[in-house]
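Quick note: the coordinates plus some simple rules give every number you see, no bench work behind them. Note that the structure is a prediction, hence the values are computed from the model and not measured. A quick note on method: Cβ atoms are made from the backbone with ideal geometry, for glycine too, and the neighbour counts reach across all protein chains shown.
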Amino acid sequence: MTKTLREWCAINSGSRNLDGLARMRAALAEAFGKLGAPVEEAAATAEKVVTAKGDLNEQAIGASLRIVRRPQAPVRALLVGHMDTVFAADHSFQGDRLLDKDTLNAPGAADMKGGLLVMLYALLAIERSRFAERIGYEVLINADEEIGSPGSSQLIAEAAARAQFACVYEPSLADGTLAGARKGSGNYSAAFSGRAAHAGRDPHLGRNAVVAAAEFITRIDALSGKRDGLTVNVARLEGGGPNNVVPDRAVVRFNARVSKPGDMGWFDAQVRSVIAEIDGRDGYGAHLHGGFNRPPKAMTRELEAFFDSLKGLGAELGLKIAWAPSGGVCDGNNIAAAGVPVIDTLGVRGADIHSAEETARLDSLEERAKLSALLLLRIAAGDIANPGAFRQRAA
């Protein structure tokens, strides 16, 4: 498993690196082909992105991989992972190194190429089991999770509708703690237009788009804390040019996190009100793009029972399974929003993800594969309750 992980981490599969993602898909297709089911490519929807000039363009997204095994089985699970990383092809973090015999520092080692290996080996164990015929599964590995899954969200929603419960292979924390409830997340771009003019001769004729954007930033930043758990992060301001020209273009990129579903609409309305006010000023234009693509994931009664079952299985393996709320988001948010019980940090124990210090604990590859295999097999055998049985009754 370590050898394979290092080989996979050597493939740059940044979310925008389509060539690298194609190489990663090929490696994964070969590995997951051992499950004995066809490995299909599922095309992604193009993403609408706002350019630095405020124009709306379409950008291609890498295809997903999909494997379906025994879809008519009485127990049906959805297993989700992502092949993309946050590290672009020109990022300095490309190689790997062993910090000690059990700690691998490599791009995507924890988030989440290690998780994909955990998923694969758990399913290989399923296929060798006498309970295999009782459990069907659908595997979906997307290529755009790190940018919010804009091209694969529909695929995930459709797969969730076919499943009774789901497992997602994001990394746990270094101590093994899993993510329980999660905040919701929204990504936005606000584009501002003004009027260019000579900064010395005709400044009164100009309309400074950067100043309008700066006012907007101040006003939305002040929304942090206006609802319990609401945070706003202004990530980038683009615009401007020579010192002697009043700038006529600016774009603000920002993210918002909320704890409660109702706060998504409240925040969106507040932001749009500010946009409308600036857009109504003489010589200015303002347009908002994006929104919430990850609703909050609550710790429901069904989900808590699912976690409790996993905790009991962990004890059998000598593992302490605990969970805590997280401000981070993943595809598990959207699966939960579809009404499917999901545990979304079943991957390796890792640390410092999204940085050049990212590490994966190598002993957790086998550890977590055993945990997932035991979870799926016990549900198939009927030894623990199917966490999605209520979905069958509702259907």
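Take the Cβ atoms of LEU99 and SER129, set R0 to 22 Å, and the FRET efficiency comes out at 0.05.
Work through the residues other than ASN333 whose Cβ is under 9 Å from its Cβ and net out their charges, Lys, Arg +1 and Asp, Glu -1.
Every neighbour counted, the sum reads +2.
Average projection, convex hull of the Cα set of the range 184-294: 6.4 square nanometres. Multiplying the residue separation of MET299 and ALA269 by 0.36 nm and subtracting their alpha-carbon distance yields 8.2 nm. If the limit is 30 Å between Cα atoms, which of LYS48/LYS370; LYS3/LYS297; LYS101/LYS320 go over it? The answer is LYS48/LYS370; LYS3/LYS297.
The Cα center of the range 230-251 and the Cα center of the range 117-163 differ in position by 41 Å.
Full extension of the segment from ASN243 to ALA26, taken as 0.36 nm per residue of separation minus the current Cα-Cα distance, would add 73.2 nm.
Antiparallel beta bridges, as assigned by DSSP with both residues in the chain, represent about 75 percent of the total such bridges.
Excluding same-chain neighbours fewer than eight residues apart, the aspartates and glutamates reachable from LYS34 by a Cα-Cα span under 19 Å are GLU7, GLU127, GLU133, GLU138, GLU366. The 3J(HN,Hα) values that the Karplus relation (6.51, -1.76, 1.60; θ = phi - 60°) gives for the range 127-138 are, in residue order, 5, 8, 8, 6, 9, 4, 5, 8, 10, x, 8, 10 Hz. Gly and Pro appear as x. Size of the range 246-375: Rg and Dmax of its alpha carbons, in Å, are 20.9, 69. Using the Karplus relation 6.51 cos²θ - 1.76 cosθ + 1.60 with θ = phi - 60°, the per-residue 3J(HN,Hα) values for the range 148-163 come to x, 6, x, x, 10, 4, 5, 4, 5, 4, 5, 5, 4, 5, 8, 9 Hz, with x marking Gly and Pro.
Here, the range 42-100 is characterised by an Rg to Rh ratio of 1.14, where Rg is the alpha-carbon radius of gyration and Rh the Kirkwood radius.
Remark: the range 13-24, residue by residue, has Karplus-estimated 3J(HN,Hα) of 10, x, 4, 9, 8, 5, 5, x, 5, 5, 5, 5 Hz, where x stands for each Gly or Pro and the curve is 6.51 cos²θ - 1.76 cosθ + 1.60 at θ = phi - 60°.
Spin-label model, ALA322 to ASP228: label points 7 Å out along the Cα-to-beta-carbon direction sit 2.3 nm apart. Taking only the C-alpha atoms of the chain, Rg followed by Dmax gives 23.0, 83 Å.
For SER193, the residues 5 or more places off, or on other chains, whose built amide H falls under 5 Å of its own are GLY285, ALA286.
With just the Cα atoms defining each centre, how far is the range 10-69 from the range 263-317? Give it in Å. Using only Cα atoms, the two centres lie 25 Å from each other.
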